[in-house]
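A.B. asks: Just dropping this structure here.
Just so you know, all these numbers are worked out from the coordinates, no wet-lab data involved. Please read these numbers as outputs of a predicted model, since none were measured by experiment. Neighbour counts run over all protein chains shown; Cβ positions are idealised from the backbone, glycine included.
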Amino acid sequence: MPSLSTKPIYTGKAKDIFETEEENTLRAFFRDSATAFNAQKKGEIQNKGKINATISTLLFQLLEEHGIKTHFIKQISENELLIKRVKIIPLEVIVRNITAGSLCKRLGIKEGRVLKSPIVEFSYKDDALGDPLLTRSYIINALEISDEKTLNQISQITLKINEIFKDFFLKVGIKVVDFKLEYGFDKDGDLLLADELSPDNFRFWDAKTNEKLDKDRFRQDLGNVEGAYTEMLKRVKEGLNNKNPQFSILNSQFFIVRVQVLPKKDILDPQGQAVEKALKSLGYNEVKDLKIGKEIVFQINSDSQQHAQEKVKEMCDKLLANPVIEDYTVEIDSSY
Ligand code: ADP
Ligand code: AIR
Ligand code: ASP
């Protein structure tokens, strides 16, 4: 496992990006911080980081199953994903199925009309300029940040992703109104879908009530923002369980594990004896049977506390403790 460096190489509006021991692997930490209107509005959405990291994981896996190449490697904790490093093309690739947001504002049309066919559009990923809408010529001839072939490839992949998501979400009562994607090239020159897939970059409406279940609740001060994100996580899991009933593991969660290992009562513990002797030399004669052990703390992904307990016991017997000379205790807490 790559080591976890502590200093981010990039701190964005919602995520911190860290390097790892592997040059081409990065760690993305999803924060609870939220911004809107290119960071003019700022706030926090409780638990957003872990919800978005998990929704992103499940949706990247869904796309991979459909043959879409993504930067996703694995989820390593509630808030963190390991991802392949890419050189991001500074474009916000937006696909729209129903009128909403900036499209309505720009064209003076009403929200909620189903478009004749999906629209793919590109904005320049530049907060200072307000992410302006771009034409292909602006991208190719003025900014020179991409070319005709790549833009065609991106449009084609984006429309395929749109079909996968529309189909997937409709089955769990959700309309995919619009969403924003980011792409980049990896070290081998492969075009990969990057960034995140979550209610931060999608508009999701409940198919029956048209209730908004995404960041528009934060943008428009509609309240119950965390509730909406939690509901979307629930629907995604529901969709995946319907598709693969045998994969109940998708209802898994992270548990915090603390393993305490101590030398057995009758086993010689020279380190413990030395400390006991030192305490006595300081006058603490009431001390006896001092043992020095270790505490091992980690998170484990499992579908139940009982399964987590069984797995950890296996790990202790195989590696974490030496059952011949050491005793151990395991504490497991639900962390999510
Ligand atoms: P922003 O930059 O818009 O404030 P975030 O807070 O989400 O956004 O920060 C994440 C940053 O990491 C974004 O700028 C995004 O383009 C970049 N990024 C996403 N995936 C990758 C990747 N696989 N490799 C390199 N950079 C990435
Ligand atoms: N988006 C655009 N910039 C950042 C984000 N997250 C997403 C919005 C919406 C879609 O792109 O969340 O799903 C279109 O946004 P807009 O504001 O152009 O209508
Ligand atoms: N992601 C952009 C921002 O954080 C735009 C938005 O979501 O409204 O400001």
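A.B. asks: Compute the FRET efficiency between residue 113 and residue 138 as 1/(1 + (r/R0)^6), taking r as their Cβ-Cβ distance and R0 = 30 Å, and round to the nearest 0.05.
C.D. replies: 0.65
A.B. asks: Which of 328, 229 has the fewest other C-beta atoms within 10 Å, and how do the rest follow up to the most?
C.D. replies: Ascending Cβ contact count within 10 Å gives the list 328, 229.
A.B. asks: Another one. Could you give the nm distance between label points at residue 166 and residue 327, where each point is 7 Å from its Cα heading toward the beta carbon?
C.D. replies: About 6.4 nm separates the two model spin labels.
A.B. asks: For the chain, which longest stretch is free of loop sites, where a loop site is one of the trypsin sites (Lys or Arg not before Pro) that DSSP puts outside H, G, I, E and B and that has at most 15 other Cβ atoms within 10 Å?
C.D. replies: 114-170
A.B. asks: Mind giving me the FRET efficiency for residue 188 and residue 21? R0 is 25 Å, r the Cβ-Cβ distance, nearest 0.05 is fine.
C.D. replies: Efficiency, from the Cβ-Cβ distance: 0.80.
A.B. asks: If each DSSP helix of 4+ residues adds -39,500 (n - 2.57) and the sum is divided by the residues in the chain, what number results at 222 nm, nearest 500 deg cm²/dmol?
C.D. replies: -9000 deg cm²/dmol, from helical runs alone.
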